[in-house]
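Working notes, structure below.
The values are calculated or read from the model by the stated rules, or taken from the named source; none is laboratory data. Nothing here was measured: the structure is a model prediction, and the numbers come from that model. Cβ atoms come from the backbone with ideal geometry, glycine included; neighbour counts cover every protein chain shown.
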């Protein structure tokens with residue numbers, strides 16, 4: 001099978017940089033992520049403020065832009081309170097794991113095509129290898145440790161519950177996320193981020209693989225513990241969740257990790273489905289759109305669009321109930337992904353072995369899938385699930401008559417049955433009053 | 001010393017530290033963490049050995065899923081439970097150390113005595129199929145397809161077995177959220193019940209709250225205490 005390769009489709013261009021260029025890239029990514037975090041926190045407060053008919057921070061710096069910087073400094077300078085009951089070593093490591101893994105993912109995100117840094121022609125990406133998308137999954141699964149360990153090490157009930165919740169939640173949604181990658185792998189014939197971007201030269205995968213995109217975007221909100229899926233830190237139920245007992249710089253690290261993760265998953269969504277650093281349609285007509293440093297602009301534009309959606313969700317939707325959330329992940333997202341992957345695999349195989357027009361087949365299959373899901377939902381509504389439940393309950397109540405000798409043996413009542421009071425009078429012993437004459 | 005051997009010596013030492021940490025930790029959670037640490041170091045070794053797919057799946061599957069499951073169970077079992085370090089069999093520890101060391105010596109002697117062929121690495125194998133992942137795919141889905149499918153059938157059977165074991169029969173259909181809210185509206189008590197009273201001399205749960213006219217709010221007590229509400233309040237307010 002021939003792998004379509006675009007501008008940076010060859011993996012051999014990675015790993016050739018001199019040390020100085022590598023250091024510049026590493027530092028660049030770190031600085032960009034920190035700046036993005038500050039900017040996202042500010043944007044979140046401003047946008048949510050607008051959505052709630054208020055202004056938001058507007059005092060520190062132009063438009064209040066320096067507000068999150070000031071808040072960060074304040075947070076770092078605050079007194080650190082370490083509760084007595086913590087497991088100190090793990091308590092220290094947890095925020096570090098959270099923050100470092102959040103930064104690590106960005107190493108494989110392509111920010112642009114080949115550019116010239118210090119006279120060296122090099123891709124705008126720290127590194128890439130044949131399975132870099134799986135590397136992102138691996139790092140995400142290590143990142144869960146940060147949250148879980150924070151919950152455990154705090155030695156307190158609410159953080160523990162928050163940590164357990166988040167591990168269950170993130171593992172469940174990681175499955176759906178991994179399944180949504182599979183369709184992209186099948187179409188790009190590769191698991192490396194730069195080749196996936198190269199494969200989207202003519203058509204973005206959001207058009208071709210819309211269900212995967214929807215599943216990924218849903219899973220990424222669950223994966224970053226953001227509203228409406230922010231159950232690990234549901235303040236109404238768990239106080240602050242896993243970071244209840246953290247303060248000062250350690251809390252700041254969790255805060256940083258959350259926002260860096262938001263940027264990272266948005267970058268992944270952009271890379272996998274929105275053509276990565278490639279210019280969107282009207283701009284792509286310009287011949288210089290996909291060369292030099294310009295693509296970074298399109299790339300971060302797309303990331304900001306995703307970040308806006310994150311903020312929009314938080315401003316709009318109430319938090320889900322935990323059981324409904326898990327049910328949605330396991331009973332809706334994962335089965336739908338599996339069915340969709342089967343369709344994609346069939347289409348891909350047809351394309352490999354015949355001149356079948358798979359694009360229209362895929363679109364038809366997507367339409368059928370959407371209609372099928374919609375119809376099943378309507379069917380469920382129309383058949384009256386509640387009536388059915390009521391009938392079931394009546395049936396159970398009818399069977400509630402307790403037969404103490406069912407099957408010829410004395411049996412205890414089942415949970416929904418009531419034991420009949422015995423026909424015999426209970427045996428009573430007349431009480432003897434001590435110290436009193438009759 | 002090239003880059004590969006630098007990485008090897010760092011990760012190898014860390015992996016051994018992780019393995020030792022597993023054995024000597026007194027808390028089960030710490031042991032689990034040491035294993036995770038050792039696994040991540042092994043994964044880095046796989047990366048340097050040109051098996052990136054194995055490395056990432058090692059982290060995703062073992063560190064991310066299996067060890068996380070272990071941690072999950074350990075955390076649910078108890079936050080502060082540490083194992084008893086009492087020896088149940090006399091001389092067990094000394095014997096274990098002796099046997100462990102001799103097994104290690106045996107392995108070291110065995111490996112050093114073996115004449116290994118020249119190391120060729122995975123480069124040629126990887127190029128032959130067009131990449132590491134493609135080569136693995138070729139082996140799994142072509143040459144060892146039957147074994148692979150049989151293993152997956154076994155795993156699915158195990159999952160089904162676990163589901164059957166954990167299944168609990170429901171005696172009544174679960175109430176939906178709308179049913180619950182409807183029931184609550186019709187019950188005559190839509191809001192939560194009032195809290196127990198907080199008095200100067202007692203704030204225990206068996207102290208009823210006082211209504212504006214000074215009478216007791218019986219609903220503020222747990223049902224077990226409702227009958228003797230009068231006595232306790234007399235005591236509190238007198």
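Please go through the stretch B:167-188 and pick out each residue that is surrounded by fewer than 10 Cβ atoms within 10 Å (Cβ to Cβ) and either within 25 Å of residue B:212 (Cα to Cα) or away from chain A (no Cβ under 14 Å) (or both). It would help to see each step written out before you state the result.
As a first pass, look at the stretch B:167-188 and keep what is surrounded by fewer than 10 Cβ atoms within 10 Å (Cβ to Cβ): B:167-169, B:174, B:177-178, B:186-188.
Within the stretch B:167-188, B:167, B:186, B:187, B:188 meet the criteria.
Each row is one residue, and each column tells you yes or no for (1) at pLDDT below 90; (2) touching a strand residue (DSSP E or B) at 6+ places or on another chain (Cβ under 9 Å).
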{"position": "A:21", "(1), (2)": "yes, yes"}
{"position": "A:31", "(1), (2)": "no, no"}
{"position": "A:55", "(1), (2)": "yes, no"}
{"position": "A:80", "(1), (2)": "yes, no"}
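One line per residue, one yes/no per condition, for (1) touching a residue at least 60 places away in the same chain (Cβ under 8 Å); (2) at positive phi; (3) within 14 Å of chain B (Cβ to nearest Cβ):
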position: A:23; (1), (2), (3): no, no, no
position: A:37; (1), (2), (3): yes, no, no
position: A:71; (1), (2), (3): no, no, no
position: A:81; (1), (2), (3): yes, no, no
position: A:90; (1), (2), (3): yes, no, yes
position: A:101; (1), (2), (3): yes, no, yes
position: A:121; (1), (2), (3): no, no, no
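Within the stretch B:19-43, the set of residues being farther than 20 Å from residue A:152 by Cα and within 11 Å of chain A (Cβ to nearest Cβ) comprises B:39, B:40, B:43. Here residue B:126 fits the description: more than 29 Å from the chain's Cα centre (by Cα) and touching a residue at least 24 places away in the same chain (Cβ under 8 Å). Could you list, in sequence order, the residues of the stretch B:112-138 that are assigned to a loop (DSSP other than H, G, I, E, B) and more than 10 Å from every other protein chain (Cβ to nearest Cβ)? Selection gives B:114, B:115, B:116, B:117, B:118, B:119, B:120, B:121, B:122. Annotation: of all residues in the stretch A:151-167 being within 8 Å of chain B (Cβ to nearest Cβ) and surrounded by fewer than 21 Cβ atoms within 10 Å (Cβ to Cβ), the one that is nearest to residue A:267 (Cα to Cα) is A:164. Residues that are at the interface with chain A (Cβ under 9 Å from one of its Cβ atoms) and touching a residue at least 40 places away in the same chain (Cβ under 8 Å) within the stretch B:48-75 comprise B:52, B:53, B:71, B:74, B:75, listed in sequence order. Listed by position, the helices (runs of 4 or more DSSP H) contained in the stretch A:239-323 that have at least 2 residues being within 22 Å of residue A:102 (Cα to Cα) and in contact (Cβ under 8 Å) with a residue 24 or more places away in the chain are A:248-273, A:294-316. In the stretch A:190-199, the count of residues that are in contact with a strand residue (DSSP E or B) (Cβ under 8 Å, 6 or more places away or on another chain) and away from every other protein chain (no Cβ under 13 Å) is one or more.
Would it be correct to say that residue A:111 is within 11 Å of chain B (Cβ to nearest Cβ) and under 30 Å from residue A:251 (Cα atoms)?
Values: within 11 Å of chain B (Cβ to nearest Cβ): no; under 30 Å from residue A:251 (Cα atoms): yes.
No: the conditions fail for residue A:111.
Restricting to the stretch B:205-223, count the residues that are surrounded by 12 or more Cβ atoms within 10 Å (Cβ to Cβ) and in contact (Cβ under 8 Å) with a residue 12 or more places away in the chain.
Pass one, the stretch B:205-223, residues surrounded by 12 or more Cβ atoms within 10 Å (Cβ to Cβ): B:205-211, B:216-221.
Pick out the ones that are also in contact (Cβ under 8 Å) with a residue 12 or more places away in the chain and you get B:205-210, B:216-217, B:219-221.
Residues in the stretch B:205-223 being surrounded by 12 or more Cβ atoms within 10 Å (Cβ to Cβ) and in contact (Cβ under 8 Å) with a residue 12 or more places away in the chain: 11 in total.
Does residue A:4 fit the bill of being on the phi < 0 side of the Ramachandran plot, surrounded by 13 or more Cβ atoms within 10 Å (Cβ to Cβ) and modelled with pLDDT of 85 or more?
Working: on the phi < 0 side of the Ramachandran plot: yes; surrounded by 13 or more Cβ atoms within 10 Å (Cβ to Cβ): yes; modelled with pLDDT of 85 or more: no.
Considered against the rule, which asks whether it is on the phi < 0 side of the Ramachandran plot, surrounded by 13 or more Cβ atoms within 10 Å (Cβ to Cβ) and modelled with pLDDT of 85 or more, residue A:4 comes out as no.
This table checks each residue for (1) at pLDDT below 80; (2) within 14 Å of chain B (Cβ to nearest Cβ); (3) outside any helix (DSSP H, G or I).
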position: A:345; (1), (2), (3): no, yes, no
position: A:363; (1), (2), (3): yes, no, no
position: A:376; (1), (2), (3): yes, no, no
position: A:381; (1), (2), (3): yes, yes, no
position: A:389; (1), (2), (3): yes, yes, no
position: A:392; (1), (2), (3): yes, yes, no
position: A:412; (1), (2), (3): yes, yes, yes
position: A:423; (1), (2), (3): yes, no, yes
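For the stretch B:76-98, indicate whether the set of residues that are within 25 Å of residue A:131 (Cβ to Cβ), part of a helix (DSSP H, G or I) and within 13 Å of chain A (Cβ to nearest Cβ) is non-empty. Let's see the steps before the verdict.
Restricting attention to the stretch B:76-98, the residues satisfying the condition of being within 25 Å of residue A:131 (Cβ to Cβ) are none.
No, the conditions are met nowhere in the stretch B:76-98.
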